[in-house]
Every structure is written in C-alpha cells, then in structure tokens.
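Peer 1: Shown below is the structure under consideration.
The values are calculated or read from the model by the stated rules, or taken from the named source; none is laboratory data. Worth saying up front: this structure is predicted, and the values here are computed from it rather than measured. Neighbour counts run over all protein chains shown; Cβ positions are idealised from the backbone, glycine included. Areas reflect the complete protein model, heavy atoms only, side chains present, ligands, DNA and RNA absent. Shrake-Rupley method; radii C 1.70, N 1.55, O 1.52, S 1.80 Å.
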Amino acid sequence: MLKNYFKIAWRNLMKNKVFSFINIFGLSAGLACCMLILLYLRNELSYDKHHVNIEQLYQVGTTYIRDGKEDRRSTNPAPMALAMKQDFPEVKETVRLIRLFAEDKTLFQYTVPGLGLTSFYETKGFLADPSFFRMFTYNFIEGDPSSALDNPNSIVISKEIAERIFGDQPALNKVIHLSSTTNGDYDYKITGVFKPSSNPSHIDGRFFICMNGGEVERYIKGHTNMAKNNMFLTYLMLKPGADPNRLEGKFPDFVNKYMGKDLKAAGFYKKLFLLPVKRIHLHADMPVDVTPVGSMTYLYILLSIAVFTLLIACINFMNLSTARSSRRSVEVGIRKVLGAERKALIGQFLGESLLLSLISFVFAIIIMQLLLPAFEKASGKTFALHASSYLVMFGLFLGLSIITGLLAGSYPAFYLSSFKPVLVLKGMLANSFAAVSLRKGLVIFQFVISVILIISSVVITEQMHFLRSADLGFAKDQQMVIPLQSDVSKSLYAALKNEIRQNKQVLSVGAALFYPGISNPSDETLHRQEQNMDEGVNAKTNWVDESLLQTLQIQPIAGRLFSPEFPGDTASNVILNEEAVNKMGFSSPEAAIGQNAVLEFQGQSYSNKIVGVVKDFHFQDLHVPITGYAFYLNNKINYNYIIAHITGDAGELIRSVEKSWHKLNPNEPFMFSFLDEDFQKNYIAEDRLSAIVGYFTIVAILISCLGLFGLATFSTEQRLKEIGVRKVLGASVTNVVTLLSKDFLKLVLIAVVIASPVAWWVMNKWLQAFAYRIHIDWRVFVITTLTALTIAFVTIGLQVIKAAVANPVKSLRVD
C-alpha cells in the first residue's frame, strides 16, 4: 500500500512538472533560508556557554545618573574590583579587564635566530588581572591557565599568533616585544597558548597581557578615585549558592561608602548592577560592552523572516494544491466509490506532500551549502559545525522539513478528501467560495510579508545612505590615517610629518591622540571659573598638534584654532565645541573666548584658557548625540596618529608614504587606513542587517512570485473558453489583459494597504536606536506600492498576455 502511494505521488509530480517545480523550488528556497537563519540564531544564542563557571560569573555594570538622565555602561574604576572582594563575602574572585582601546592595533616583534626580525600588527588584545583564566575557560595547548598571568609582563596568545611567529615550534617561555599606545613598549614572556573555542564569546581576545607591568599599572596606582576613571570592566565569580539579587541590594551602600562624597561634588550619581555573563551578548542593553553586543530585536527580525519565508513557500503549496483540486476530484470520487476511506485519502495526499518536502529538503541542503560562504560574509560570522553538532542540526532541519511538508499538505489533504463522490462523478464540483476565498487570503498574506520586507529594506537602505552621507562637521573623505604604535614611531613624528607634507598630493597633515569614529576613553568635567564642579559639563578630550583641526576642516565659530602662527600656545589653552560652551552656561561662543574652563583633579584646580570655539561635529557615530568636546595642544609631541588630507590618486601617495616610512623606521611594518572607512565601521551591525534583509527580501519576493505565477497559469487555463468568447464578441487584447490581471493586482494592492502601517511601526521602532535618523515619508510607500504592483504584473504578465493573444477558435474547441 505504502509503495503504491509513493508511486502515485511520483506520477503526479511528473505529470505536472511546472507545478511540481514551483512547489519544490519554493519549499527548497524557504527551507534553505530557514536553515541559514537558524545557524545564525544558534551562533548568537551560544555566546559564553563554554565557560565552566558560567553560572557564577557576573559583570558589574554602572548606570550614570545626571540631570535626571540615565546612561547604562559596562565600565568601572580600577580600584572597585578589590574593594568588592574585600567587602562582600558572596564574592569568590574578581577580575578586571581592559581592551587595548586606543587603536586596537598592537605591534608584535620577535627576532628569529638566523632569519631576522618578524614584525606585524595584531588586533583584539586585552589587559587582564592574573585571575582571568581561573574564572574564564580557555583551551590551553601550552602553559597552565591557573598561573599564566601571575607574573608581570606575561602574555597568553592564541594558536594563530603563535603559529605566525614560531611556526610549528613551541611558543612557551619565548620573549616577544609589544608596542601599544595603551600599555607602552615592553618585552613579554609567553606563558600560555590557547586554541579558540568553537563557541563565540563576548570577550573575543586573540591575546591577553598581565595587567601588572606597563603603563596601565602606573595609571592605576596614580588614580584611586572611584567616582572617575571608569575605564575597566569588572567581573565577579560568586560563591556557590550566593544570591546575586541579595548582593545587588548591597550596592547602594557600597557606592555611598567609596564614592558618595566625590559623586556629590562631581554632580552625578552611580547605580551598580549585576549582569550574568551568559546574558551579556544579547541582554546587555548597552550599545557596546567588551565588544559590540548582539540584539534580541535583530534576532526576532531574522526569526520572523525565516518563519514567514517558509510560510510563503507553504502557502504556495496549499494554494496550488487547492486550485488544482478539480483536476483530481474524479480520482477522489473513484477511490471513494471503490471503498477508500477518508483517512486513507488523507494519508495519500499527506504522503505526496511529505515526498515533495523531502525532495525539497535535499535541494535545500545543497542550496544552503552553496549560499553559506556568502551568508557568512554578509553576517560576519563563521558557522563551523563539528560532526556531533552537524548531526544535531541535520536532524533539526530534517524535522523542520517534515513539519513543513505536513503543514503545507494539511489543508489540501483534508480539503480534497472531503469531496462527495456523487457530485464529483456527475461533474457538479466546482471550486467552492471558501476555497477561492482562502486562496485569495493566502495570496494577500504572502504579499503582506513581501511588502513589509520591501519597505523595511528601503528604510534600512535610506538610513544607511543617510549615515554615510550625513554632514559630520568635519572632512572625512580623503583622510589617510597612519598609526604610531611604538616609542620609535612616535619619536619620528616630526620627520615623518615633514616627509609626507612635501608630497604635492598632500593638502595638510596633522596629528592627534584620537580621531573621530574610534574609541576615545579620555574625558573630564569642565566648569566656568565662578561655578562649582557639579555645574560643569562632561567633555571628551583630545590632544592634537597645531594643524590637526585644519586638516580635518573643523570650523571655528569664535576665537581661533591652534596654529604655527601662535607659537606661544601651551597645553593650558583649550578649544571647545558649541555643545560644551552651551552646557557651561556661556551666553554665546564669543562670550566664552578668553574665559577659563576649570578642571578639578585629585584636589587640585587647573584653569584652561578658552582660545576658540568650533562648530559641533560628530566625534562618535550617529547612534549617539553630540556631547561636549575639548581640544588641547599636545606639547609633548606624543601622538597616536598622523592624519593626512590628500587629493588625487591614493595609490601613488600610499607608495610614496610607505617608502618614507621604511626609510625612517625600517623595523616596523607600514599600516594605514582611511578615516571615512574607519568611521563607517561603527555601523557594521546595521550594514549586516541591511544585507541580510535585502537578500531574504529577494528570496521572499521570488517565492511569492512563483506562487502567483502558478495561480495565474491555472486561472488562465480555467478561463480559456471565457477568453475565447470575449474575443469573438470584440474584446481587445488590452481588455482581456486587464480582466485577467485586475483580480491579482487587487490582492497585491490590499496587501500593500495592510502591510504599510505594520512596516512603518516596525521600522520606526528600529530607527529609535539612532540619535540622528531619517523620517519615513510617503515616498517610501509610493515606491513600495509601485514596486509590488510591477513585480506582480511582470509575474503574471507572460501567462495573461499569452492567453489574451491566443486564437479564440482553438480555445473554443477545447472539450
């Protein structure tokens, strides 16, 4: 019996090749999309699950409260970790962590005997306390994790870095030299090599340096105030059975004990909170933690796309099956007359559906494998599946395809098996109103999903275009950035600047500790001479040379910029932006010139003369509003970056600058970037979302169009005689095309009306994440409506026009 069912199912598939192709291709595409997105979701949900102590690990976060506004961050002052371990018996161990934040490019150097100096840049480096590897689980292939960071100037590196330096030779106990603007130039002893976990972590480090030894240790010893200097990530490992909620309840007293007086003087307050490490990636509720965090909103969006794409494919199957029901009605009637029970017929039709879904599953696996590299590139992730996890995922996908087959075939099975044999064999069966209405409803539902995706894709694209083209308040294009990582490269600043400036393609050259778009951890509270500290403004600070502001074309609106024309300028002069001047209470930018901006630090007051006010500019990305900013002249000539404003062919200039670099600094590799590209890296998550939504929008539209094409084909076949009669009575081709098209286009138009407010609400919520954003105007919906109608008409047009131009004599001869 089962064999017979499959034989009949196979014959039906071969007999109706067009409909079979539409169903198989649609289900395959839907399943492949679902598989890819499930791989992505699995990766996002597996963050930090590999740590042995994960249930006891918590991050301490801080909510800053100022002027009634709350700002949630992950950083804390350096002394806080030790104080918590001493004050709270629930805490078993603590660790501080800080990223090499100033540039995220660290120079590695090692002299290979007989081969000379190996020199290269590495990223994703961290400074950590000795307890780090006792709290977090890393797979060491060399060294002992429990003691790897116990000694000052020790370093643990990844297997990839070890192989890059030493090949297949052991790396343990070798000494390498690192140059970092965060921690200085030092030799480090390799005390461990780890193999990265297959599970992702919010701490995506490639190397870890002991916090003891180096510039950061000196900074920690000189900054003991717990109200300020909030640059360190603090983690706690609680004792088994400790209640994190009870511990959180003790934090207000802890804040008052160690920070209360200083916070009151500074004019703001802190609330501490605990965040389980296993929830950091998706539930941190902060734009950035150790690394950029994930978003549950994005996961819901992608999961919705996966579900709806699969639903569209299922709807195609259901629509085409019910539409073709009249062709199989005689088969159902004969089977019932010969004694077939309804449950047997249901089994037959569900079997056909399962066969089709299993065939689709095979093709879906192939499609998924073909698209996986492109999806990895678009999502920025690598989906490495081991044998065991691959089998689990394979079983999950197989189960998904079976459920899909049952879902897609459920309505056709119950609908076809319900036919009464007497009516069927008398030829009295016609498509019922309920079946026709259901098909129309499902077509509308398909295009509601497609239209929502189209609108979302358009809005995301426009927002991304806005982010790229918005006036940032400085010249971001054609700005070449050259990092100065080591003490040697910093000492060559003047010579290198002079070499670059002599090139005719260079318009201007400047230098700074930080530049717009990258992390700037330096800030301070400034206030007017007659004000108290709590009335001041928190401003980001930067130390620049006399030509940096001109190079970036940051515009003065009062006073002047630093310039070689004013050799008397010192580090006690400051240039503020408009926002800082306004928040400090000056009546106008002109009124601020010549006044003092006072900084209070460790009981001392420092007065800085305001010599200029510049127009507000975006030193951070457009997720956040502009805040206060202060520029100081760096008299120490100790810069992290040289920035050159160039024109003409960049390739020729790069070769020239590289030649100058190697002439002055032959032992370090030349590295550069462009400021506009660096700034856009802040929108990587949005770029990836835009790409993924765009790709899956195309897939959803394609599947919807396949179903519409199938229904149009069936509809025109059913109405061939009607078309012939109309043409004989004088109907033109245009009349016939309009007649056959309007029913489908009407459904698409209804879908647009339903989808538009839903898409507007969803996209408006998404846009709230940006401080600066576009407004969704009526043109988006006009474009979407025209696009949807055009797609629908092109889809059905071939079949409609073919039927409209056919010879009516032939259609009227059809029996």
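Peer 1: If you place +1 on the Cβ of every Lys and Arg, -1 on the Cβ of every Asp and Glu, and leave all else neutral, what size is the dipole of the chain about its Cα centre, to the nearest 20 Debye? Walk me through the numbers on the way to the answer.
Peer 2: Numbers: 80 positive and 68 negative charges, 996 e Å.
Approximately 4780 debye in magnitude.
Peer 1: Say R0 is 45 Å: what FRET efficiency, to the nearest 0.05, do TYR606 and ARG779 get from their beta-carbon distance?
Peer 2: Working: r = 53 Å, r/R0 = 1.18.
The pair TYR606/ARG779 has a calculated efficiency of 0.25.
Peer 1: To continue, here is another question. Once the cut-off is 17 Å, how many percent of the Cα-Cα pairs in the range 499-549 end up in the long-distance tail?
Peer 2: On the way: 716 of 1275 pairs.
Here the tail beyond 17 Å accounts for 56 percent of pairs.
Peer 1: Rounded to the nearest percent, how much of the accessible area of the chain (1.4 Å probe, protein heavy atoms only) is carbon and sulfur?
Peer 2: On the way: 21380 of 36380 Å².
Ligands and nucleic acids excluded, carbon and sulfur give 59 percent.
Peer 1: Using a 1.4 angstrom probe, figure out how much accessible area the range 177-324 has per residue, in square angstrom, rounded to the nearest whole. Present the calculation step by step, with values, prior to reporting the outcome.
Peer 2: On the way: 5850 Å² over 148 residues.
Heavy-atom accessible area per residue stands at 39 Å².
Peer 1: While we're on this one: Can you give me the Cα centroid spacing of the range 201-232 and the range 31-55 in angstrom?
Peer 2: After rounding, the separation between the Cα centres reads 31 Å.
Peer 1: Under a Cβ-Cβ cut-off of 12 Å, what is the net charge of the residues other than PHE166 that fall near it, where Lys and Arg count +1 and Asp and Glu count -1?
Peer 2: On the way: positive: LYS159, ARG164, LYS174; negative: GLU142, GLU160, GLU163, ASP168.
So the environment of PHE166 carries a net charge of -1.
Peer 1: Moving on to the next point. Counting Lys and Arg as +1 and Asp and Glu as -1, what is the net charge of the other residues whose Cβ lies under 10 Å from the Cβ of TYR629? The partial results should precede the final answer.
Peer 2: On the way: positive: LYS540; negative: ASP523, GLU578, GLU579, ASP616.
Neighbourhood net charge equals -3.
Peer 1: Continuing with the same structure: Using a 10 Å cut-off on Cβ atoms, rank the peptides 680-691, 165-176 from the highest mean neighbour count down.
Peer 2: On the way: 680-691: 17.5, 165-176: 14.4.
In decreasing order of mean packing, 680-691, 165-176 become 680-691, 165-176.
Peer 1: Compute the accessible area per residue over the range 586-681, keeping the other protein chains in place, probe 1.4 Å, unit Å².
Peer 2: 46
Peer 1: Could you give the DSSP H helices of the chain that reach 24 angstrom or more along their long axis (alpha carbon positions) and whose average Kyte-Doolittle hydropathy is no lower than 0.5?
Peer 2: On the way: long enough: 17-45 (41 Å, 1.40); 296-323 (39 Å, 1.75); 342-379 (50 Å, 1.30); 387-416 (43 Å, 1.48); 433-469 (53 Å, 1.42); 684-718 (51 Å, 1.21); 733-767 (47 Å, 1.31); 778-804 (37 Å, 1.57).
Sorted by number, the helices that extend far enough and score high enough are 17-45, 296-323, 342-379, 387-416, 433-469, 684-718, 733-767, 778-804.
Peer 1: Give me the lysines in straight-line cross-link reach of LYS124: C-alpha distance below 17 Å, same-chain residues under 8 apart excluded.
Peer 2: Here the lysines satisfying the reach criterion relative to LYS124 are LYS105, LYS159, LYS195, LYS381, LYS681.
Peer 1: Full extension from LYS377 to LEU729: what is 0.36 nm times the residue separation minus their Cα-Cα distance, to one decimal in nm? Write out the running numbers ahead of the final one.
Peer 2: On the way: separation 352, 0.36 × 352 = 126.72 nm, distance 5.87 nm.
Length gained between LYS377 and LEU729: 120.9 nm.
Peer 1: Residue-wise, which Karplus ³J(HN,Hα) couplings in Hz belong to the range 627-636, taking 6.51 cos²θ - 1.76 cosθ + 1.60, θ = phi - 60°, and x for glycine or proline?
Peer 2: 10, x, 8, 10, 9, 10, 7, 8, 7, 7
Peer 1: Label ARG42 and SER410 with points 7 Å out from Cα along Cα→Cβ: what is the distance between them in nm?
Peer 2: Label-label distance for ARG42 and SER410, simple model: 2.5 nm.
Peer 1: Same structure again: Quick one, which of (i) 55, 33, 29; (ii) 62, 32, 26; (iii) 63, 43, 27 is the actual semi-axes √(5λ) of the Cα gyration tensor in Å calculated for this model?
Peer 2: Among (i) 55, 33, 29; (ii) 62, 32, 26; (iii) 63, 43, 27, the one calculated here is (ii).
Peer 1: For a protection proxy built on the mean count of beta-carbon atoms within 10 angstrom, sort 536-547, 64-75 highest first, please.
Peer 2: Numbers: 536-547: 21.3, 64-75: 13.2.
Going from most to least packed, we get 536-547, 64-75.
Peer 1: Between LEU396 and LEU299, what length comes free when the chain is fully extended (0.36 nm per residue of separation minus the Cα-Cα distance, one decimal in nm)?
Peer 2: 33.0 nm
Peer 1: Between GLU658 and LYS742, take the C-beta separation as r, use R0 = 56 Å, and let me know the FRET efficiency to the nearest 0.05. Numbers along the way, then the final one.
Peer 2: On the way: r = 65 Å, r/R0 = 1.16.
FRET efficiency, GLU658 to LYS742: 0.30.
Peer 1: Per DSSP H run of n ≥ 4, the term is -39500 (n - 2.57); total these for the chain, divide by its residue number, and report the mean residue ellipticity at 222 nm rounded to 500 deg cm²/dmol. It would help to have the intermediate numbers written out before the result.
Peer 2: Working: 28 runs with 406 residues, N = 815.
One gets -16000 deg cm²/dmol as the mean residue ellipticity at 222 nm.
Peer 1: Here is a follow-up. Can you list, largest first and rounded to whole Å, the semi-axes you get for the range 151-278 by taking the square root of 5 times each eigenvalue of its Cα gyration tensor?
Peer 2: Numbers: eigenvalues 255, 89, 25 Å².
Values for the range 151-278, descending: 36, 21, 11 Å.
Peer 1: What does the highest-first list of 578-585, 29-36 look like by mean Cβ count within 10 Å?
Peer 2: Details: 578-585: 20.9, 29-36: 26.6.
Put in order of decreasing packing, that is 29-36, 578-585.
Peer 1: I'd like to check one number: the per residue accessible area of the range 19-99, probe 1.4 Å, reported in Å² as a whole number.
Peer 2: Values: 2940 Å² over 81 residues.
Normalised by residue count, the accessible surface of the range 19-99 is 36 Å².
Peer 1: Net charge near ALA242, counting Lys/Arg +1 and Asp/Glu -1 over other residues with Cβ under 15 Å of its Cβ? Let's see the in-between values first.
Peer 2: On the way: positive: LYS85, LYS92, LYS239, ARG246, LYS250; negative: GLU55, ASP87, GLU90, GLU93, ASP243, GLU248.
So the surrounding residues net to -1.
Peer 1: Also, I was wondering about something else. Would you kindly give the portion of the calculated P(r) for the range 120-179 that falls above 12 Å, as a percent of all Cα pairs? Please report the intermediate quantities before stating the final value.
Peer 2: On the way: 1236 of 1770 pairs.
When every Cα pair of the range 120-179 is considered, 70 percent fall beyond 12 Å.
Peer 1: Right, here's the next one. Describe numerically, in nm with one decimal, the distance between label points set 7 Å from Cα along Cα→Cβ at PHE670 and at LYS195.
Peer 2: 3.9
Peer 1: Based on the Kirkwood radius over alpha-carbon pairs, what is the Stokes-Einstein translational diffusion coefficient of the range 509-646 at 10 °C with 1.306 mPa s viscosity, in µm²/s?
Peer 2: Values: Rh = 15.0 Å.
For these conditions, the coefficient is 106 µm²/s.
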